[in-house]
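None of the figures in this text is laboratory data; all of them are computed from the coordinates on show. Treat the numbers as computed from the prediction; the structure is a model and nothing was measured. Cβ coordinates were reconstructed from backbone atoms using ideal geometry, including for glycine residues, and neighbour counts include every protein chain displayed.
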Amino acid sequence: MFHRIRRRAKEPCEAQRRFAELHAQLQDQVPPGFGVRAPEPELAAPAAVGDDFLPPELRVPSHDQLSGRMMPWKQPLFLDSEMAACAECGAYRDWLILSTRGEIWLRCRAGHQQQETRIDTAWYNRHSGPADATHATFEECLRHLGH
Ligand SMILES: [Zn+2]
């Protein structure tokens, strides 16, 4: 009897020892980094939508997108064999010709603007090349053209 009791008493210890061994084994088996959140895979760049799409700077803006267009006009501007001159300062060259909302405006070097009814958008389109730049604001556009 005595012997049996001793053996019984020993059993929990044995179980604990086994558990400890098992626990140690499991710990060894746990790969390093387990439980640490895997780093996010680098976000794949969204598939380029249509590789043949022109970059924005090469797209020709539609007229709807522009509130107006302008072009420099360095030489004197003859309209109906009359030379256009600034009503304010008399400048007759180095114009900016503005086309906006179906109206044509002349802007002299000094920044005076006057509507020019002898020319129209069609005239402007005939004389202007394709827009070489798009500007968010009128002021930006003036700077671009050196005014
Ligand atoms: Zn002027």
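Residue 105: within 16 Å of the ligand (Cβ to nearest atom), farther than 15 Å from residue 90 by Cα and without any contact (Cβ under 8 Å) to a residue 60 or more places away in the chain, yes or no?
Details: within 16 Å of the ligand (Cβ to nearest atom): yes; farther than 15 Å from residue 90 by Cα: yes; without any contact (Cβ under 8 Å) to a residue 60 or more places away in the chain: yes.
In short, yes.
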Number of positions in the stretch 108-147 that are more than 26 Å from the chain's Cα centre (by Cα), within 16 Å of the ligand (Cβ to nearest atom) and of a type outside the set (S, T, N, Q): 7
Within the stretch 74-102, work out how many residues are loosely packed, with under 12 Cβ neighbours inside 10 Å and more than 16 Å from the ligand (Cβ to nearest atom). 7
The stretch 71-93 residues that are of a type in the set (A, V, I, L, M), paired with ones that are buried (at least 16 other Cβ atoms within 10 Å of the Cβ) and not in a loop (DSSP other than H, G, I, E, B) (beta carbon under 8 Å, 6 or more apart): 71/96; 71/97; 71/124; 77/95; 77/97; 77/106; 84/95; 84/106
